[in-house]
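Every read-out reported here was derived from the displayed coordinates using simple, explicitly stated rules and does not represent laboratory data. Quick caveat, the model's predicted, so the values are computed rather than measured. Methodologically, a virtual Cβ is constructed for each residue, glycine included, from the backbone with ideal geometry; neighbour enumeration extends over all protein chains shown.
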Amino acid sequence: MLAFEAKPPPLDTTSDGVIRVAGTRVSLETIVMAFDAGATAEEIVQRYPSLDLADVYAVISYVLGNRSAVDEYLRTRGTAIEALRTEIERHLPADGIRARLLARRSSETKG
């Protein structure tokens, strides 16, 4: 008789709290967003060739079995990302960036 052993999902958490597919730079958010948009595991692997098909299926299975915890993680990450964006925009305002870039391009073509 064969004994089957349940494996944990192939997910690692970075020092800054980002969950990624083990051995890749592909985040859990990336997999969830693609899956929620209707992509199959095979399509996700085509988009992100560093992923293994079995790992994507394992991650999707984990997400489906732990949806409320995953959604809470995504909300927390979204809040952190928005706070970081606000902080960056406060220190480096985007106002007038198009004009500055066009002026730089104009001065480079003249010189």
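Brief remarks follow.
- In region 52-79, of all residues being among the aromatic types (Phe, Trp, Tyr) and farther than 15 Å from VAL18 by Cα, the one that is surrounded by the fewest Cβ atoms within 10 Å (Cβ to Cβ) corresponds to TYR57.
- Pick from region 1-53, criterion part of a helix (DSSP H, G or I) and among the β-branched types (Val, Ile, Thr), ranking: nearest to GLY65 (Cα to Cα): VAL32
- Test: residue in region 37-44 that is within 14 Å of the chain's Cα centre (by Cα) and not hydrophobic (A, V, I, L, M, F, W, C): no
- Looking only at region 1-51, and only at residues there that are free of Cβ contacts under 8 Å to residues at least 24 places away in the same chain and among the charged types (D, E, K, R), the one that is surrounded by the most Cβ atoms within 10 Å (Cβ to Cβ): ARG20
- Test: SER61 is touching a residue at least 12 places away in the same chain (Cβ under 8 Å), of a type in the set (Gly, Ala, Ser) and not in a helix (DSSP H, G or I): no
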